[in-house]
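Shown next, in structure tokens, is the structure this report addresses.
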Amino acid sequence: MTSERGDSYIGLTRKALPNADKVVLERWRKHKSRARNENRLWALYIYLKSGGLDMNWTHEIIAIVRGRAEAYAYERELVKLIKPELNDQYL
């Protein structure tokens, strides 16, 4: 997903079919809730707390990958390759 400022985050959602768009929006709702209510020092949550909650965000499904291990491996590869500003867990 990408903020209106152009900062991006790559995340994994494990349940994608048959309503991938709804699942992505539900995952986004959980990210916003955690940013508001939990004290996690993750780059995405810090960004959300510092104004990102009020921004417009674009969500894009990059791939649907079958298998939990394969999906996590793919996410790690993308984060290392693209280096999104708001991912700090694999860098």
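Here are the numbers for the structure shown:
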item	result
Residue among Gly11, Gly52, Gly67 with the largest mean-square fluctuation in a Gaussian network model of the chain, springs linking Cα atoms under 10 Å	Gly67
Gaussian network model of the chain, Cα within-10 Å springs - most flexible of Arg36, Arg66, Arg27	Arg66
Angle between the chain longest axis and helix 68-82 axis [Cα atoms, degrees, rounded to 10]	60
Reachable aspartates and glutamates from Lys80, criterion Cα separation under 13 angstrom, eight or more residues apart if same chain	Asp88
Cross-link reach list, lysines versus Lys15, counting only Cα pairs under 17 Å and skipping chain neighbours closer than eight places	Lys30
Cα long-axis angle, helix 20-37 against the chain (0 to 90 degrees, to the nearest 10)	40
Dipole moment magnitude, nearest 20 debye, the chain about Cα centre, only Lys, Arg, Asp, Glu C-beta charged	400
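Only the coordinates and a few stated rules stand behind these numbers; no lab work does. This one's a predicted model, so the numbers in the text were calculated from it and none came from an experiment. In this analysis, Cβ positions are derived from the backbone assuming ideal geometry, glycine residues included, and neighbour counts consider all displayed protein chains.
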